[in-house]
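As C-alpha cells, the structure follows; a few thoughts come after it.
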Amino acid sequence: MIKLQQLRKEYRSGSHTTHALEEINLTIAKGEIFGIIGHSGAGKSTLLRSINLLERPTEGKVIVDGVDLTSLSTKRLQEQRRRIGMIFQHFNLLSSATVEENIAFPLRLAGTSKSAVKARVRELLNLVGLGEQGRKYPAQLSGGQKQRVGIARALATNPDVLLCDEATSALDPQTTNSILALLLDINSKLNITIVLITHEMHVIRSICDRVAVIHAGQIVEQGPVAEVFLKP
Ligand code: ADP
Ligand code: ADP
C-alpha cells in the first residue's frame, strides 16, 4: 500500500550538499505497523516526511494506494494527504484553541458541515479516551493527553495511514506505554497502516510488525522485528 522506489533526497545549502537519503526501497503493507529506527541524523525524519511529501524527494517515487504522489498537481496532492494523518514528538497543537477545536481543524479545512464535525469530534474524543476533556486548552493537559489530542486530530479525516514522528519521545515510560497501547488499539480497530520513526528499540519491540534500520541515509536491514532483533 506504501511503496518507496529508488528514493533519494539531497539538501542543498550554498555549495554544501547533504545526502539525507540514498536508494531507499521500501514496501509497507496495508494494516501493518512498520517501524524505522536509527540514530539522530540517520534520515528517519526525512524518510517519514517523504511519505506525505512534506519533503519532496530529489529522485524516486512515493506510491500510496497505487498513486504516485510525486506526479500529482498541488490540488490532487492536498486531497491525497487527507488519506495520511501525522503525529509529532511535540504534538504541534494550536495553544489558543480548545481540544475540540484542535481536533475539528482538519475537518473544517475539508469543508465538513458543522453538525457532522460535532458528531465526529465526539466520536474521536471517545476513541482516544478523552471523553470529558473537549473544552480544555492544551496547556491544561498532560503530555500523554496532548498526544491523544494529536492522534484524534490525525484520525479526523479517517485516513488509511498514520505517520508517527518520534510520537513518544517526549513522554515518560508509563505514558509512552499507554500511547503505544492506544496506537495498537487503533491499528486493530480501524485497520489503519502505521509508520513510525523512533530511536528507541523498546517502541519497535512493543508494537511493530516489521522494522527497517536506517544508517547514514540507507536502509541497512529490514524484516520482521523478531528476525532483525533476535529476542533475548
Ligand atoms: P529530530 O531528529 O528530533 O526530528 P532534527 O534536529 O533532525 O530533529 O530536525 C529538526 C528540524 O530541522 C527538521 O524539520 C529538519 O528538517 C531540520 N533540519 C535538520 N537538520 C538540518 C540542517 N542541517 N539544516 C537545516 N535544517 C535542518
Ligand atoms: P533523523 O530524523 O534520523 O535525525 P533527519 O532526516 O532529520 O535524520 O536528517 C538526515 C540528514 O539530513 C542529517 O544530516 C540532517 O542534518 C540533514 N537535514 C535534515 N533536514 C535538513 C534540512 N532541512 N536542510 C539541510 N539538511 C537537513
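The values are calculated or read from the model by the stated rules, or taken from the named source; none is laboratory data. Small disclaimer: the values here were computed from a predicted structure and weren't measured. We place every Cβ from the backbone using ideal geometry, glycine too, and count neighbours over all the protein chains shown. Just so you know, the surface numbers come from the protein's heavy atoms only, side chains and all, with ligands and any DNA or RNA stripped out. Shrake-Rupley method; radii C 1.70, N 1.55, O 1.52, S 1.80 Å.
With 0.36 nm allotted per residue and the present C-alpha distance subtracted, the N25-R82 stretch has 18.1 nm of extension available.
Taking 8 Å as the Cα distance limit and 6 or more residues as the minimum spacing, I'd like the relative contact order of region 31-93 as a percentage.
Details: 24 pairs, mean separation 11.1, N = 63.
Rounded, it is 18 percent for region 31-93.
Ligands, DNA and RNA excluded, the heavy atoms of E200 present near 60 Å² of accessible surface to a 1.4 Å solvent probe. Each DSSP beta bridge with both residues in the chain is either parallel or antiparallel, and the antiparallel ones are about 55%. Relative to the 2.2 N^0.38 Å rule of thumb, region 178-232 has a C-alpha radius of gyration ratio of 1.19. The calculated pair-distance distribution of region 107-179 uses every alpha carbon pair, bins of 5 angstrom beginning at 0, and gives 3, 15, 25, 23, 20, 9, 4, 1 percent.
Each other residue within a Cβ distance under 10 Å of T70 adds +1 if Lys or Arg and -1 if Asp or Glu, for a net charge of 0.
Taking a ≥ b ≥ c as the square roots of the Cα gyration tensor eigenvalues, with a/c under 1.5 meaning rounded and otherwise prolate when a/b beats b/c, else oblate, which class fits region 1-95? Each step should come with its number before you reach the end.
On the way: a/c = 1.30, a/b = 1.16, b/c = 1.12.
Here region 1-95 falls in the rounded category.
Against the empirical 2.2 N^0.38 Å (N residues), region 54-121 has a Cα radius of gyration ratio of 1.37.
Applying a DSSP loop filter and a limit of 12 other Cβ atoms within 10 Å to the trypsin sites (Lys or Arg not before Pro) in region 1-41 leaves K30.
Taking only C-alpha pairs under 8 Å that are 6+ residues apart, what is the relative contact order of the chain in percent? Let's see the in-between values first.
Values: 426 pairs, mean separation 67.0, N = 232.
Once normalised by length, the contact order is 29 percent.
The apolar share of the surface of the chain, taken as the fraction of accessible area on carbon and sulfur atoms (1.4 Å probe, ligands and nucleic acids excluded), comes to 49 percent.
Calculated FRET efficiency, N191 and L72, Cβ-Cβ r, R0 22 Å, to nearest 0.05?
Values: r = 25 Å, r/R0 = 1.12.
Efficiency, from the Cβ-Cβ distance: 0.35.
Can you tell me the relative contact order of region 132-232? Whole percent, Cα pairs under 8 Å, sequence separation 6 or more.
Values: 82 pairs, mean separation 21.0, N = 101.
So the answer I get is 21 percent.
Using a simple spin-label model with pseudo-atoms 7 Å out from Cα toward Cβ, S15 and D172 lie 5.2 nm apart. A simple charge model with +1 on the Cβ of Lys and Arg, -1 on the Cβ of Asp and Glu and nothing else charged puts the dipole of the chain at about 840 debye relative to its Cα centre. The trypsin sites (Lys or Arg not before Pro) of region 74-145 that meet both conditions, a loop assignment by DSSP and at most 12 other Cβ atoms within 10 Å of the site Cβ, are R135.
Identify the GluC sites (Glu not before Pro) of region 103-191 meeting these criteria: DSSP loop state and at most 13 other C-beta atoms within 10 Å of the C-beta.
Numbers: sites: E123, E132, E166; in loops: E132, E166.
Answer by residue number: E132.
Value of Rg to Rh for region 128-232, rounded to two decimals, is 1.00; Kirkwood radius and Rg both from alpha-carbon coordinates. A compact globular protein would have a Cα radius of gyration near 2.2 N^0.38 Å; the ratio found for the chain is 1.01.
With K and R counted +1 and D and E -1, the other residues having a Cβ less than 14 Å from that of A104 yield a net charge of +4.
Give me the lysines in straight-line cross-link reach of K30: C-alpha distance below 16 Å, same-chain residues under 8 apart excluded. Cross-link targets: K3, K189.
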